Amino acid sequence: MLAIQEMAEAMNLSAKALARRIAWHERLFQALGDVPDLRLAWRRCVKRTLQAQLTNATSVKLQVQGVKEPLPLSLAVHLRQGQPMLTIQLPRAFGAAPAWPNLTMVQLRQEGWGSGLGLCLLLQGEGVLPAQLQLDIAKRWKAAQLQPPVFERISATKWEISCCWCDGLWKPSCMNLADVNDWATDTALQVMEYVLMLKGMYSISHLE
């Protein structure tokens, strides 16, 4: 642990950020084959973990978009051919918008099957995200070693925040199911870091 801390300081990183970088490279060098069923297990574990965290969700869907061919018999095979996405709908803040922000959707989608498991997190909500609040959120996420957010205004009372990261090379033939579930749980908890930090930031803004 001391060696990791010293390495992190030498690289101007936090110990947590360095640990994640090391884990990414470990997964990269584990890439020896492709097991579609493990992809499905990974997705389902992410879904279960986020459902357990977001207990007030009104809808949770695992979908695959972008497949032009007929749907394969196996969902596991289908996950390889399209763009999988997990969408979680949360209760709307009836009557609250545009007074203060309210998170209404969390979506985690895969961007491609290239050199890594490219993931994009989309957070969508109602209300208004003032420029100062956006700046505060970006600074807070940077301090926590999270990927930088991209803000987009959909309408006067709807907003989106997105961020992307690469979560290793997804060819885990040498990984067992327990390893895959641990990986999926870690990814889901990373998503919750963004969600909880965001909600904390705009809750503070509301109190002010």
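The values are calculated or read from the model by the stated rules, or taken from the named source; none is laboratory data. Because the structure is predicted, anything quoted here is derived from the model rather than measured. Note that we place each Cβ from the backbone using ideal geometry, even for glycine, and neighbour counts take in every protein chain shown. All accessible areas refer to the heavy atoms of the entire protein, side chains included, with ligands and DNA or RNA removed. Shrake-Rupley method; radii C 1.70, N 1.55, O 1.52, S 1.80 Å.
As for segment 91-99, it holds at least one residue that is touching a strand residue (DSSP E or B) at 6+ places or on another chain (Cβ under 6 Å), more than 22 Å from residue 177 (Cβ to Cβ) and at pLDDT 80 or above.
Of the residues examined, residue 138 is not one that is small (Gly, Ala, Ser), at pLDDT 90 or above, open to solvent by less than 70 Å² (accessible area, probe 1.4 Å) and under 22 Å from residue 110 (Cα atoms). The set of residues in segment 141-156 being farther than 22 Å from residue 126 by Cα and open to solvent by 60 Å² or more (accessible area, probe 1.4 Å) consists of 142, 143, 145, 147.
Taking the conditions exactly as written (open to solvent by 60 Å² or more (accessible area, probe 1.4 Å) and modelled with pLDDT of 90 or more), does residue 195 satisfy them or not? No, not satisfied.
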